[in-house]
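The numbers here are math on the coordinates, done by the rules we state, and not lab data. What you see is a predicted model, and the numbers here were worked out from it, not measured in a lab. Because the Cβ atoms are built from the backbone with ideal geometry, glycine has one as well, and the counts that use them run over all protein chains shown.
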Amino acid sequence: VELSCIIKSTITPDPRIEWKKIRNGETSYVFFDNKMQGDFVTRAEILSRTSLVIKNTTRMDTATYRCEVAAPLDPKTIDEINIQLTVQ
């Protein structure tokens with residue numbers, strides 16, 4: 001599955017991008033400090049700098065995924081999008 005976090009424009013040369021997983025009220029990192037975290041290390045990757053691809057998804061991957069972008073040189077320094085993923 002591919003979850004897209006599209007950055008339209010930024011004047012910050014290298015904005016910080018993080019992905020988080022929110023499930024049952026608990027938040028965990030998926031992509032942090034430019035690398036995959038936890039069980040996503042072996043089965044996920046970042047495409048085009050922002051899109052999260054999760055391979056071999058299972059029902060345990062059902063959650064809300066949050067893409068957070070921090071661009072300190074921009075007028076809007078931080079933004080986020082939540083994507084609800086439901087695996088049948």
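Exactly which trypsin sites (Lys or Arg not before Pro) in the range 1-45 are in a DSSP loop and have at most 14 other Cβ atoms within 10 Å?
8, 43
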Comparing 46, 78, 11 in a Gaussian network model of the chain (Cα, 10 Å), the one with the largest mean-square fluctuation is 11
For residue 12, other-chain or 5+-apart residues with amide H closer than 5 Å (H placed, Pro excluded) are 73, 74
For the range 2-85, averaging the sequence separation of alpha carbon pairs under 8 Å that lie six or more residues apart and dividing by its residue count, the contact order in percent is 35 percent
With +1 on the Cβ of every Lys and Arg and -1 on the Cβ of every Asp and Glu, the dipole magnitude of the chain about its Cα centre, in debye rounded to the nearest 20, is 180 debye
Across all Cα atoms of the chain, Rg and the largest Cα-Cα distance (Dmax), in Å, are 13.0, 41
Check: C-alpha center the range 28-43 vs C-alpha center the range 59-88, spacing in Å is 14 Å
Here the residues of the range 1-42 lying in the modelled label zone of residue 73, meaning backbone nitrogen under 11 Å from a point 7 Å along Cα-to-Cβ, are 10-15
Sequence order, the range 47-52: Karplus ³J(HN,Hα) from phi using 6.51 cos²θ - 1.76 cosθ + 1.60, θ = phi - 60°, Hz rounded, Gly and Pro as x, gives 10, 6, 6, 10, 7, 9
